[in-house]
Amino acid sequence: MIRYCSLSIQRSVRTFMTSSTQSQVAKLCIVGGGPAAFYTAQHIIKTFPECEIDILERLPVPFGLVRFGVAPDHPEVKNVINTFTKTAKSPQVRFAGNVNFGIDLSLQELKEAYHAVILTYGAEEDKTFGIPGENLKNIISAREFVGWYNGLPRDKDLNVDLSDENVVILGQGNVAVDAARMLLSPLDELRKTDITEHALATLADSKVKTVYLVGRRGPMQVAFTIKELREMINLKDCSSIFEKEHFQGIPELIPNLVRPRKRLTELLVKSALETNPKPSSKTFRPLFLRSPLSFTGDSKVTGVEFDLNTLQGEEFEHQTAISTGVKESIKSGLVLRSIGYRSVCADPGIPFDKQKGRVINTKGRVDHGVYSAGWLSTGPVGVILSTMSNAFETGANVVDDIRQDIINLNEKKPGLRAILSKLDARGVQTVSFDGWEKIDQEETKRGKALGKPREKIVNIGEMLQIAESGKKLTAKG
Amino acid sequence: MAQSALRGLCSRAQSFRLFVVPQRCHSLSRPLFKKEDVEVTFIKASGEAIKTKGKEGDSLLDVVVNNNIDLDGFGACEGTLTCSTCHLIFKQNDFDELPEKPTDEELDMLDLAYELTETSRLGCQINLSKKLNGLEVKVPSTINDARSS
Ligand SMILES: Cc1cc2nc3c(=O)[nH]c(=O)nc-3n(C[C@H](O)[C@H](O)[C@H](O)COP(=O)(O)OP(=O)(O)OC[C@H]3O[C@@H](n4cnc5c(N)ncnc54)[C@H](O)[C@@H]3O)c2cc1C
Ligand code: FES
């Protein structure tokens, strides 16, 4: 009786999925399992429920930079995971972790298996300066540093040497500020977060006292947002010291500015000119108008040579930094390079702009049956809100194209069945969402023992082993 | 600060209701029996008006969640003041009537919202009072793509 019942429910889900106006089910594949993937899926299942969406993610675990980027002391931001989990559990959606697009499967194979492929695999590499000394030890990209404290498997063995008092961070965006905050926060604050134990142990022995946050241009061009600045200014046992001379003429500009630049500049000016530094054992020092020329040191970095700049141009948005010819060096035993992420071309079939480091697309349309969303599509800028909005737009365009028969649902597509048999033949163990939840439970358990919300597992082999106890992914849904 | 953390907890508990057992989350500041219904209308970018109601003391995010109002992406951080997806636009006089002025932290998050106006607030920070009965708020279009509805 009970069996009959559940069968009939299954059947009715199927009927619902195949019998409305469009008689065919749209078989869609999303590559990458970060916010862009889940928001695109969320939008499509809402506006075109007659679909099957498979999310293929390289790592055994979902959520992309929400797990591996967002700072451990910002747990609230990660609440989006609850919505993503709901999406992942919709009858139309299946998650397949541990699938490396471009290696395990090609774009051509995905195009053959699905009506449309939506690329959302993010921006996973970083930009470099290409200046002398950049290969010295302890010059690390902020991306790796973030991956290290957040438990990204590929960065688990990063060697971070915190034995020097001074750290230079090159770049003035939110990622740079996140890195600075991790280096300057009282350890007891970090202990309560899901920061990895290996990072915590290294930070416990840290000798770092001063973190310089260095930008090419001036206070009017900083890229961090006001929330991140306010957090630095309010940080316990840390004072923020600015170079007053670089604020000349800026208070006069404020009345004519618009939000958000207006409020950000007000806070900068207030902190730079009006407040006296509080007594503290650590210092946060934003520096302006400096471009790195070279790094010094024998095997390990000991300092950075800068060119001092001046600004050229009228409107501050378009002012460029030009060299004054004056040089300056700053001693530093650790340098973090935080000048942006960039995407890679994961498959030769993708129209890709190497210069900009992103997929060539118009509002998420890449090629016939190929779409993109998120940082891969827009470049690595903005917050989850902007990624969400971009993903909704791509989702809406996919649905438009289905409705207008640009994506032809009459074409028979095998979907996940074909993909799983290929992966099977290639010896790739896939991780289902249920498998991820097993990993999640284990991480939470380990965290609890340490008084933390979670202790991330950083070893892929171990993740796969734990995931094995979860339900296997099957093409039946 | 403590209050906003508490609020965060409350709305988190409430959104769990979607998955788990129904469970009421009370505002601690008011006795139970006094709570009255407050009518609220959300106007989507498409022009569609959704009339609904909440209880005194509920935040506008609570109202959206408790009534299952379909606003894409609304309340992503679950009321913890870290996302600005709960951005709402008020009429000038309603805006002026709101009992609590925005904190710096709310303004910081609002700065990241799309279509920011002079009468914008974050829905998770606005608590209903009887005075707000009949409130009408606009939901900006970027969150709720006009073309999709
Ligand atoms: C350090 C840092 C901190 C941040 N903090 C905040 C914050 O506090 N608040 C906020 O709102 N925003 C924050 N952001 C921004 C936010 O993380 C991004 O807006 C968002 O994650 C972009 O989503 P995405 O899906 O495009 O990319 P990602 O999140 O990068 O997701 C891409 C996914 O694709 C997978 N992938 C990569 N290559 C392949 C492949 N070949 N095959 C299959 N899968 C692949 C990756 O593993 C990843 O899971 C932060 C970003 C960074 C870098
Ligand atoms: S729900 Fe995130 S700021 Fe209101």
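Yes/no per residue for (1) of a type outside the set (D, E, K, R); (2) within 24 Å of A:L170 (Cα to Cα); (3) in the same structural domain as A:L136 (by the TED database):
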residue: A:T302; (1), (2), (3): yes, yes, yes
residue: A:S323; (1), (2), (3): yes, yes, yes
residue: A:S329; (1), (2), (3): yes, yes, yes
residue: A:G333; (1), (2), (3): yes, yes, yes
residue: A:I350; (1), (2), (3): yes, no, no
residue: A:G357; (1), (2), (3): yes, yes, no
(message) Considering only the stretch A:36-53, I want to know if a residue exists there that is more than 26 Å from A:L200 (Cα to Cα), in contact with a strand residue (DSSP E or B) (Cβ under 9 Å, 6 or more places away or on another chain) and in a loop (DSSP other than H, G, I, E, B).
(response) yes
(request) Any chance you could count how many residues in the stretch A:64-85 are closer than 14 Å to A:G33 by Cα and either within 11 Å of another protein chain (Cβ to nearest Cβ) or modelled with pLDDT under 95 (or both)? (result) 6
(request) Kindly indicate whether A:V366 is part of a strand (DSSP E or B), under 19 Å from A:I44 (Cα atoms) and touching a residue at least 12 places away in the same chain (Cβ under 8 Å). (result) yes
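Can you name every one of the helices (runs of 4 or more DSSP H) wholly within the stretch A:405-477 that holds 3 or more residues which are more than 30 Å from A:H368 (Cβ to Cβ)? Give the derivation first.
Numbers: elements: A:416-425, A:433-450, A:460-467.
Correct list: A:433-450, A:460-467.
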(request) Taking only the stretch A:94-143 into account, find how many residues are among the aromatic types (F, W, Y) and closer than 27 Å to A:E462 by Cβ. (result) 3
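Within the group B:D94, B:D111, B:D104, B:D62, which residue is away from ligand 1 (no atom under 16 Å from the Cβ) and over 17 Å from B:K51 (Cβ atoms)?
Details: B:D94 fails: over 17 Å from B:K51 (Cβ atoms); B:D111 fails: away from ligand 1 (no atom under 16 Å from the Cβ); B:D62 fails: over 17 Å from B:K51 (Cβ atoms).
Every option except B:D104 fails the conditions.
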(message) Given (1) more than 17 Å from A:Y121 (Cα to Cα); (2) within 16 Å of ligand 1 (Cβ to nearest atom); (3) without any contact (Cβ under 8 Å) to a residue 24 or more places away in the chain, identify the lone condition not met by A:L416.
(response) (3)
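Please tell me if A:S90 is within 14 Å of another protein chain (Cβ to nearest Cβ), more than 16 Å from ligand 2 (Cβ to nearest atom), outside any helix (DSSP H, G or I) and touching a residue at least 24 places away in the same chain (Cβ under 8 Å).
Numbers: within 14 Å of another protein chain (Cβ to nearest Cβ): yes; more than 16 Å from ligand 2 (Cβ to nearest atom): yes; outside any helix (DSSP H, G or I): yes; touching a residue at least 24 places away in the same chain (Cβ under 8 Å): yes.
Yes; evaluated as a whole, the condition is true for this residue.
Among the strands (runs of 3 or more DSSP E) contained in the stretch A:284-338, which hold 3 or more residues that are surrounded by 19 or more Cβ atoms within 10 Å (Cβ to Cβ)? Give the derivation first.
Numbers: elements: A:290-296, A:303-312, A:320-331, A:334-337.
Once the strands (runs of 3 or more DSSP E) in the stretch A:284-338 are filtered for at least 3 residues that are surrounded by 19 or more Cβ atoms within 10 Å (Cβ to Cβ), what remains is A:290-296, A:303-312, A:334-337.
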(message) As an exercise: evaluate B:L81 against (1) more than 12 Å from the chain's Cα centre (by Cα); (2) within 16 Å of ligand 1 (Cβ to nearest atom); (3) touching a residue at least 40 places away in the same chain (Cβ under 8 Å) and give the number of the one condition it does not meet.
(response) (1)
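Among A:T202, A:T196, which is within 21 Å of the chain's Cα centre (by Cα), at negative phi, among the β-branched types (V, I, T) and modelled with pLDDT of 95 or more? Working first, answer last.
Numbers: A:T202 fails: within 21 Å of the chain's Cα centre (by Cα).
Of the residues listed, the single one that is within 21 Å of the chain's Cα centre (by Cα), at negative phi, among the β-branched types (V, I, T) and modelled with pLDDT of 95 or more is A:T196.
Would you confirm whether or not the stretch B:100-117 contains a residue that is more than 14 Å from chain A (Cβ to nearest Cβ) and within 28 Å of B:D37 (Cα to Cα)?
We begin by selecting, within the stretch B:100-117, every residue more than 14 Å from chain A (Cβ to nearest Cβ); these are B:100-101.
Of the ones still in play, those that are also within 28 Å of B:D37 (Cα to Cα) are B:100-101.
Taking every residue of the stretch B:100-117 in turn, at least one turns out to be more than 14 Å from chain A (Cβ to nearest Cβ) and within 28 Å of B:D37 (Cα to Cα).
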(request) Would you point out which residue out of A:A418, A:A449, A:A425 is among the aliphatic types (A, V, I, L, M) and buried (at least 16 other Cβ atoms within 10 Å of the Cβ)? (result) A:A418
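The values are calculated or read from the model by the stated rules, or taken from the named source; none is laboratory data. Predicted, not measured: the structure shown is a model, and the values here were computed from it. With ideal geometry, Cβ positions are generated from the backbone for all residues, glycine too; neighbour counts draw on all protein chains shown.
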